[in-house]
Amino acid sequence: MSGLELAEKSLLGTMFAETYLIGDGGLQEAFFTKIAHQRIFTLMRRLAAEHRAVDYITVLTMAEPAELGGANYVSNLQNFANPARFDEYKAIVIGEWKTREKQRILQLAQVENWSIVDIQKAFDNLEAENSAQEEASIQDDLASLYELPFQPVREEGGTPAGLRDLDNLLNGFQDSELTIIGARPSMGKTDTLNHLALHAGLAGHLPIIFSLEMSRKSMITRLIASAGGYNRLRMRNPHRYFDEKQKAGWTQTIGFLDGAGIHIDDRSGLTVGQIKAKARHIIKTNPDRKPIIYIDYLQLIRPDNMQDDQTRKIGQISYDLKNMAKEFGCPVVCLSQLSRGVEGRKDKRPLMSDLRDSGNIEQDADVICFLYRDGYYDKDSEDGNLLEIIVAKHRNGPTGTATVAYRKETGKLFDINWDERKGLA
């Protein structure tokens, strides 16, 4: 069995498992080389168009099994399902189809004595045939903006961070943008991510967290501690260590957190392709909420090519994350470790150069933030409970620092007024 045939079988099997890909996957009958595969795909598409269930049984009721390679053949396609590799296998199948089409064009051109210009035009049409064609002229855009200065406009921000000063700087996390949040270990990265996800969910968005380091149980425990203001040490045994007031508020805290609609995938060693596959599934099954994707953290994402050096691996990953944000049209917020170089400076506030194995991170990210706490380095600091979120790069807006209060024992972040600052030390 050839690699191309295996790729085709994987595409069909994956569409049985994730039926929304039948319409959204960008495939056509002609892309498949085997007649049976073409027929199966056509029947799957017909069932989907009629809003009927799509599985190997319903497909087999639409045609003679022999036309589809046999009942066992259709049933076994499910064993080839691989959502994480769907885009990769689709590219292989479409690439082979384009090669076949180019050969057909050259044969036809030779028989009919086409000019070089005609051949090139046919090649260009072939490339355009499977590409989404969007209007390039800006005339309609200009027309829609004609009255802009003369009519009131409702300003819409991005997905809120739930922190006043940070939202003022970023106007929320913007669709199609990649945000990197870098910090040294134990600076508060995961607590910051949990805060952002919780407040995005409470605002009606769809927070999808990929926790590559911490278990799902640990993440949920942290979310509950933050949402309810519970000391994390006491969370180890709430029945024993909670007072009556804390126990009385437990049910309300759980309900409050449930309303955020957070999704957590805690599998380790995921590739960007696997992250995309899972996120795509969650997004399709929650169509009423706008997604935002959080990843903890960048250096734990498994590269597709293990042969490259670390800098090139991280560079490819950051490039893929940016493309994922554009493909899904949603914000992607990814945590990142910083190098130890920051520890050797007198002023330990992070710089761009501290991004670990930076590769193209600085180039690909639309927003780069750093976390810094005086209390991390000086336990006696009067600013020990203050967390600085330093916006060091903002492609489409201002840079600056948002200072918030941070209670490490609960993992809670909250806004402060500067006249309250002394009381937080």
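The values are calculated or read from the model by the stated rules, or taken from the named source; none is laboratory data. Predicted, not measured: the structure shown is a model, and the values here were computed from it. Note that each Cβ is placed from the backbone with ideal geometry, even for glycine, and that neighbours are counted across all protein chains shown.
Screening segment 1-20 for residues that are crowded, with 17+ Cβ neighbours inside 10 Å and among the polar types (S, T, N, Q) and picking the one that is farthest from T285 (Cα to Cα) gives S10.
Which of the residues spanning segment 325-348 are touching an Asp or Glu at 6+ places or on another chain (Cβ under 7 Å) and closer than 27 Å to D167 by Cβ?
Step one: list which residues in segment 325-348 are touching an Asp or Glu at 6+ places or on another chain (Cβ under 7 Å), which gives 325, 329-331, 335, 338-339, 341-342.
Result: A325, G329, C330, P331, L335, L338, V342.
The C-beta contact set for segment 366-395 (first residue over 15 Å from V342 (Cα atoms) and without any contact (Cβ under 8 Å) to a residue 24 or more places away in the chain, second residue of a type in the set (D, E, K, R) and crowded, with 22+ Cβ neighbours inside 10 Å, distance under 8 angstrom, 6+ apart or interchain) is empty. Of the listed requirements (1) assigned to a helix (DSSP H, G or I); (2) modelled with pLDDT of 90 or more; (3) under 14 Å from the mean Cα position of the chain (by Cα), Y294 misses just one: (1).
Looking at L43 and the list (1) within 29 Å of the chain's Cα centre (by Cα); (2) not in a loop (DSSP other than H, G, I, E, B), which single condition is not satisfied? Exception for L43: condition (1).
All conditions in (1) at pLDDT below 90; (2) among the small types (G, A, S); (3) under 27 Å from L321 (Cβ atoms) hold for A392, with the sole exception of (1). N286 satisfies every condition listed in (1) crowded, with 17+ Cβ neighbours inside 10 Å; (2) more than 12 Å from the chain's Cα centre (by Cα); (3) in contact (Cβ under 8 Å) with a residue 40 or more places away in the chain except (1). Out of the residues in segment 185-220 meeting the condition of being touching a Ser or Thr at 6+ places or on another chain (Cβ under 9 Å) and charged (D, E, K, R), tell me which one is modelled with the lowest pLDDT. Restricting to residues being touching a Ser or Thr at 6+ places or on another chain (Cβ under 9 Å) and charged (D, E, K, R), the top hit is E213. Pairs meeting the criteria (first residue in segment 158-170 and without any contact (Cβ under 8 Å) to a residue 24 or more places away in the chain, second residue surrounded by 24 or more Cβ atoms within 10 Å (Cβ to Cβ) and of a type in the set (A, V, I, L, M), beta carbons under 8 Å, at least 6 apart or on different chains) are D167/A161.
Here is a yes/no grid of residues against (1) modelled with pLDDT of 90 or more; (2) acidic (D, E):
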{"position": "D24", "(1), (2)": "no, yes"}
{"position": "Q28", "(1), (2)": "no, no"}
{"position": "Q38", "(1), (2)": "yes, no"}
{"position": "F41", "(1), (2)": "yes, no"}
{"position": "A49", "(1), (2)": "no, no"}
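Confirm whether L178 is within 26 Å of G341 (Cα to Cα), buried (at least 20 other Cβ atoms within 10 Å of the Cβ) and modelled with pLDDT of 95 or more. Yes. Please go through segment 328-368 and give me each residue that is surrounded by 22 or more Cβ atoms within 10 Å (Cβ to Cβ) and under 18 Å from the mean Cα position of the chain (by Cα), ordered by number. C330, P331, V332, V333, C334, L335, S336, I361, A365, V367, I368 - these are the residues of segment 328-368 that are surrounded by 22 or more Cβ atoms within 10 Å (Cβ to Cβ) and under 18 Å from the mean Cα position of the chain (by Cα). The C-beta contact set for segment 290-301 (first residue assigned by TED's automatic domain parsing to the domain that holds M187, second residue assigned to a helix (DSSP H, G or I), distance under 6 angstrom, 6+ apart or interchain) comprises P291/I283; I292/A200; I293/A279; Y294/L193; Y294/A197; D296/T190; D296/L193; I301/I317. Does segment 294-314 contain at least one residue that is within 16 Å of C369 (Cα to Cα), aliphatic (A, V, I, L, M) and in contact with a helix residue (DSSP H, G or I) (Cβ under 8 Å, 6 or more places away or on another chain)? Checking segment 294-314: at least one residue is within 16 Å of C369 (Cα to Cα), aliphatic (A, V, I, L, M) and in contact with a helix residue (DSSP H, G or I) (Cβ under 8 Å, 6 or more places away or on another chain).
May I ask you to list the residues in segment 326-378 that are outside any helix (DSSP H, G or I) and of a type in the set (A, V, I, L, M)?
Filtering segment 326-378 down to residues outside any helix (DSSP H, G or I) leaves 329-339, 345-351, 355-360, 365-373, 378.
Those that are outside any helix (DSSP H, G or I) and of a type in the set (A, V, I, L, M): V332, V333, L335, L338, L351, L355, A365, V367, I368, L371.
Regarding segment 302-316, can at least one residue be identified that is over 12 Å from the mean Cα position of the chain (by Cα) and within 18 Å of K189 (Cβ to Cβ)? Steps first, please.
Step one: of segment 302-316, the residues over 12 Å from the mean Cα position of the chain (by Cα) are 302-316.
Of the ones still in play, those that are also within 18 Å of K189 (Cβ to Cβ) are 314.
Checked against the condition, which is being over 12 Å from the mean Cα position of the chain (by Cα) and within 18 Å of K189 (Cβ to Cβ), segment 302-316 yields at least one hit.
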